[in-house]
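Reviewing the structure listed below.
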Amino acid sequence: MKTTESALGKSVLRREGAAKLRGDAQFIDDLPRDGAWFAGTVRAKVPHARLLGVRRDERFDWDRVVLITAADIPGENVVPVVLRDQPSLAEDFIRYHGQPVALVAAPDQETLALALESISVLTSPLPPVFDIDESLEAKTIIFGEDNVFRTVEINKGDATAALQTADVVIEGEHHTGAQEHAYLEPQGMQAEWTGDGITIRGSMQCPYYLVKAVAELLDLPQEKILVIPHLTGGAFGGKDDFPTMLGGHAALLAWKTRKTVRLIYERGEDMRFTSKRHPARIRHRTGFTHDGQLVGMQVEMVLNGGAYGTMSPLVISRAAIHAAGPYQCDNIHISARVVATNHPPSGAFRGFGAPQALFAVDAHLDYCASQLGVDPLELRRKNLIRRNGTQATGQNVGDDASAGEVLERALQESDFVARREAYAEFNREAESRRGADRFPRRGIGLSLFMHGTGLSGYEEVFFHSGVALHGNADGSITALTSQVEVGQGTRTIVAQLAAEGLGIPVEYVLTEQPDTNQHPDSGPMASRTATIIGGLLITAGKRFRAEVERRQGSLLPDPLVFRATVAKLVAGGERLEVREHYSPPPEMRWDEEKHQGDAYPAYTWSCCVAALEVDTLTGEVAVLDVTAVQDVGKVVNPMFAAGQVQGGVAQGLGWALLENVVWKNGVMQNANLADYSIPTAMDLPPIRAVFLEHPQHRAPHGAKGLGELPMEGPAPAVVNALRSALGIHFRRVPVTPEIILPAWEARNLE
Amino acid sequence: MKPFDYTAPSTIADAVSLLSQHNGEARVLAGGTDILVQLREGLREAGIVIDVKKIAELRALDCCSTSGLTLGASTPCAEIYGNADVCNAYPALTDAARIIGGWQIQSRASIGGNLCNASPAADSIPALIALNAVALVAGPSGQREIPVADFCTAPGRNALAAGELLVCLQFPAPSANASSAYQRFIPRNEMDIAVVGVGSWLQLDESGQTILSARVALGAVAPTPVFAAEASDWLAGKPATEDTYRQAGELARKAASPISDMRGTAEYRVHLVGVLTQRTLAKAVQRAAG
């Protein structure tokens, strides 16, 4: 008799991989177009205005198309995310250039184009507000009474008193820019009128948001709305909240036309008018003893939320919780605000506020070391969170404290100390070299950071994550979750985790792209598939096996026998189904009002090392190599895990060095992939991913989250490496050649 | 995109007659990597698209040590840098051909198309000017020659008259002790539009110590690619040293009149002209000597 070898920790191949490699994978725009109408969006062309109406050119025959404005919406005109401040179609005010005002559907693309050209939006302009300071001045109000979507304050000890008595207080202000998600295919939805309801297919992460949103918009019961996430080629958070608006638009048109309607953005439209990463301004005041012991931290952070709240109230929470970084300090005050401006709404993006906070704190700490005359490695060793340490919310991290270990391992894996010395020597000798060899400077830097697994605080409680397993007639078992495959390998991971709980080979577990009729709500976001959903799958798998063995009256360790038994029971008319819902660990405590307590069930810890060479004649940076060491608990699939690190580092390097959203009057000017540079394969250095696997005790299989973490390391590591190369502290990402060059020339004039 | 007719003549005469017949509404298709995107985005319009890839003269790639290089207007970049003789004799040309778009683009895109599209930032044009290439043009009243330095007249506009077709580019035979280089600055390492591009050609004396003559040309710093005459003339008779290259860079900066846009400020572009002039001259000397 054979038993099943565990598939956890094995590089099982992607279930959808072959179709993608062959080019057979069908994305939303590949759906058959038979009979479908084409839809487009009429947009405001000013950033801030009173909306007076739309004017239709009467030379166009409007009977050929269907036009919808806010007045036609049968239910509530709202995009329900967190605050309910955003209308589906503008009604009284225009809050950003490109805001949807009306929708048009036409039988063909030519008619659609003519109709869109024949309609204009009438507005009376208001003064726009674009930057954080203008928004905080609140001379022009866009949201509420003071333009602030949400303020989060975190207090630990007495930071004010600690800074008054500190030996040294060091201040710093850092800025981070917007970032485009640059997913594979632009946003797109196809909605079909089914006689008494709507079926929506589209590129998305979170199908359940859309069910609730469309039900409200159309004033239909939720059971009349079926949402089927289509194969999605990358999301990065960009297909978290935005599809709630887009799916609502497609649904409105399907309802009005009684037809199938395709609403698919072009790349330029997508880049100009959908969400970006929140730009941020972060100020630190940090107190130390003379020998570099942290005694007090004040962090004042403001994120630019754009025109509407979307996910901002949750983004600012995660940003605040991560603002002190992986450092132990008894006196911390964090004030974090997210404010409204007349930019397109900022939204969810891999990291969800943490990258901005972590960039600032780790770049600042490295700068503090240079001011204190302390080795930045020693400064970190002295202050990092250790076993039973407490982070800003007062959470005792217990045994989940790998900051020191990832740091030491990264130093060892990257040969950090020896290379730092060699590069310093290289730079000292530079001036005496001849010709072109005089210009390069080299540096190496690191960042130390952590990322909370799962949703922040009590969000995970309100989010009724569930999974189900059911037995099929052939003895296979289908795992149902709403973990949408967006390119991260979820279908495969879900099968591996369910198989682990069931104790059967991974091939016996079937997974499908979910739909909202059959699949329990679980939502892929916040780096939680492997850990939160994985925990539920393993528990459900064990219960399923126990149920089958109970009905059979014997243990069934042989997987073939188990499979045959499932087949026999199902053939005999028995229903084999197990459901499992998330409940947070009972010992976890969280005070949302004060942001105190156990913010996350676990943390992943990481140290990222970047080595680089700067061309001091042009300011150009070539990253030589990156080493990323992380403790993510048990690695479910080593190949996927390494892939997440490679991709995350690439996205982080892009944010650090290349990706510069150029705004003018609230409109992205470089809204195409030629002018907005994301890294290509030729821009990426060798990236080493090293995993420490300290299991976390709050998931049955010990996995923690990984999806967002690797994106967070490169920006602070790059800025710290630039200081090591040039002796200049850069306070802004992206740090482009045109920022580096003048700073270098100014330094040499001193 | 508006509908258009398509035709693929097999002789120059047929192509010229089609161009004359559809004066103003005909567009020439070589590799198609610019025109198809422009038609789709409505930046240019066409009643008829004339595919010239079937015309033998426009697919030429004849490299001869005595008569020089004849490069058909629709010969794709990959074919050009795949030819070892061209790489040896005209390295500035193959430097440029290797970095226009990605591999897929290079298997379609042609140097003739890059020239006719007349982008100020076109990668091949500074190399063509530095190499002293001449455009051979066929039209209703016969053939004529236009030096590449005079071919572009404004952004997106060229010197072709109604009914005229670019047939090929002719390069002088390679000189002894001469070589060339093209470099551009872009924020990333591939598939990007030049912030600045510089092409340099030079000939050394037999000792390899002195520059006999030189040609430097600049891209993305004026409405059209420009020949840096002052820097080029000054280089004749100067020693082949870093200091010479640096001074030539200073002079080349005077030929630049860039604008500031989201790819770079005018000030940064002028700075880069100096750096890239210096670097392409050094590279050309290294190649000429080696």
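Some points to look at:
- Here A:Arg428 clears all of (1) within 24 Å of A:Glu300 (Cβ to Cβ); (2) open to solvent by 10 Å² or more (accessible area, probe 1.4 Å) except the condition numbered (1).
- Per-region count, the range A:273-303, residues closer than 22 Å to A:Ser346 by Cα, open to solvent by 10 Å² or more (accessible area, probe 1.4 Å) and either in a strand (DSSP E or B) or of a type in the set (Gly, Ala, Ser) (or both): 3
- Boolean, A:Leu294 is out of contact with any Pro (no Cβ under 7 Å at 6 or more places or on another chain) and among the aliphatic types (A, V, I, L, M): yes
- Each residue in the range A:643-671 was checked for being open to solvent by less than 10 Å² (accessible area, probe 1.4 Å) and in contact with a His (Cβ under 8 Å, 6 or more places away or on another chain), and 1 of them qualify.
- Top-ranked residue of the range A:715-750 - restricted to ones that are of a type outside the set (A, V, I, L, M) and within 14 Å of another protein chain (Cβ to nearest Cβ), ranked as nearest to A:Gly652 (Cα to Cα): A:Pro734
- The set of residues from the range A:682-709 being without any contact (Cβ under 8 Å) to a residue 24 or more places away in the chain and under 21 Å from A:Leu358 (Cβ atoms) is empty.
- Complete set of residues in the range B:28-41 that are open to solvent by 50 Å² or more (accessible area, probe 1.4 Å) and over 14 Å from B:Gly112 (Cβ atoms): B:Leu36, B:Val37, B:Arg40, B:Glu41
- Screening B:Arg215 with (1) among the basic types (Lys, Arg); (2) at the interface with chain A (Cβ under 10 Å from one of its Cβ atoms); (3) touching a strand residue (DSSP E or B) at 6+ places or on another chain (Cβ under 8 Å) gives one miss only, at (2).
- Filter result (outside any loop (DSSP other than H, G, I, E, B) and either more than 20 Å from A:Leu263 (Cα to Cα) or open to solvent by 40 Å² or more (accessible area, probe 1.4 Å) (or both)) within the range A:14-36: A:Gly17, A:Ala18, A:Ala19, A:Lys20, A:Leu21, A:Arg22, A:Asp29, A:Asp30
- Number of residues in the range B:172-192 that are over 14 Å from the mean Cα position of the chain (by Cα), within 14 Å of another protein chain (Cβ to nearest Cβ) and of a type in the set (A, V, I, L, M) equals 2.
- The number of residues in the range A:98-125 that are open to solvent by less than 40 Å² (accessible area, probe 1.4 Å) and out of contact with any helix residue (DSSP H, G or I) (no Cβ under 6 Å at 6 or more places or on another chain) comes to 9.
- Tally, over the range B:249-287, of residues that are at the interface with another protein chain (Cβ under 8 Å from one of its Cβ atoms), of a type in the set (Gly, Ala, Ser) and in a helix (DSSP H, G or I): 1
- Scanning the range A:587-626 for residues that are within 14 Å of chain B (Cβ to nearest Cβ), in contact with a helix residue (DSSP H, G or I) (Cβ under 7 Å, 6 or more places away or on another chain) and not aliphatic (A, V, I, L, M) turns up A:Thr616, A:Thr618, A:Gly619, A:Glu620.
- Any hit, the range A:71-88, residues being assigned to a loop (DSSP other than H, G, I, E, B), open to solvent by 30 Å² or more (accessible area, probe 1.4 Å) and farther than 24 Å from A:Met311 by Cα: yes
- Matching residues, the range A:592-613, being part of a strand (DSSP E or B) and either of a type in the set (A, V, I, L, M, F, W, C) or surrounded by fewer than 24 Cβ atoms within 10 Å (Cβ to Cβ) (or both): A:Gln596, A:Gly597, A:Trp605, A:Cys607, A:Cys608, A:Val609, A:Ala610, A:Ala611, A:Leu612, A:Glu613
- Just one residue in the set B:Thr94, B:Thr70 is among the polar types (S, T, N, Q) and farther than 18 Å from B:Gln143 by Cβ; that residue is B:Thr94.
- Complete set of residues in the range B:228-248 that are charged (D, E, K, R) and either crowded, with 21+ Cβ neighbours inside 10 Å or more than 14 Å from chain A (Cβ to nearest Cβ) (or both): B:Glu230, B:Asp233, B:Lys238
- Scanning the range A:431-447 for residues that are basic (Lys, Arg), away from chain B (no Cβ under 14 Å) and open to solvent by 60 Å² or more (accessible area, probe 1.4 Å) yields a single hit, A:Arg442.
- Any hit, the range A:614-624, residues being within 30 Å of A:Gly454 (Cα to Cα) and either surrounded by fewer than 24 Cβ atoms within 10 Å (Cβ to Cβ) or under 28 Å from the mean Cα position of the chain (by Cα) (or both): no
- Looking only at the range A:241-270, residues that are over 19 Å from A:Leu89 (Cα atoms) and either part of a helix (DSSP H, G or I) or of a type outside the set (Ser, Thr, Tyr) (or both) come to 5 in all.
- Residue match in the range A:337-354 (condition: in a helix (DSSP H, G or I) and within 17 Å of A:Cys608 (Cβ to Cβ)): yes
- The residues on offer are B:Gly208, B:Gly163, B:Gly199, and the sole one that is more than 14 Å from every other protein chain (Cβ to nearest Cβ), out of contact with any Pro (no Cβ under 8 Å at 6 or more places or on another chain) and open to solvent by less than 30 Å² (accessible area, probe 1.4 Å) is B:Gly208.
- Only one of the numbered conditions (1) within 30 Å of A:Ala70 (Cα to Cα); (2) buried (at least 20 other Cβ atoms within 10 Å of the Cβ); (3) touching a strand residue (DSSP E or B) at 6+ places or on another chain (Cβ under 9 Å) is not met by A:Ala162, and that is (1).
- Within the range A:126-137, residues that are open to solvent by 50 Å² or more (accessible area, probe 1.4 Å) have Cβ atoms under 9 Å from residues that are part of a helix (DSSP H, G or I) in these pairs: A:Pro128/A:Glu134, counting only partners at least 6 apart in sequence or on another chain.
- Which numbered condition B:Ala220 fails, given (1) crowded, with 18+ Cβ neighbours inside 10 Å; (2) within 14 Å of chain A (Cβ to nearest Cβ); (3) on the phi < 0 side of the Ramachandran plot: (3)
- Candidate set: the range A:566-591, residues that are in contact (Cβ under 8 Å) with a residue 40 or more places away in the chain and in a strand (DSSP E or B); chosen: the one nearest to A:Ser465 (Cα to Cα): A:His581
- Near pairs, Cβ below 9 angstrom, 6+ apart or cross-chain, from the range A:270-298 (among the acidic types (Asp, Glu) and modelled with pLDDT under 95) to any residue that is buried (at least 22 other Cβ atoms within 10 Å of the Cβ) and not in a strand (DSSP E or B): none
- Strands (runs of 3 or more DSSP E) within the range B:21-92 that include 1 or more residues under 30 Å from B:Pro174 (Cα atoms): B:61-64, B:68-72
The values are calculated or read from the model by the stated rules, or taken from the named source; none is laboratory data. This is a predicted model, so every value here is computed, not measured. Note that each Cβ is placed from the backbone with ideal geometry, even for glycine, and that neighbours are counted across all protein chains shown. Accessible surface areas use protein heavy atoms only, side chains included; no ligands, DNA or RNA. Shrake-Rupley method; radii C 1.70, N 1.55, O 1.52, S 1.80 Å.
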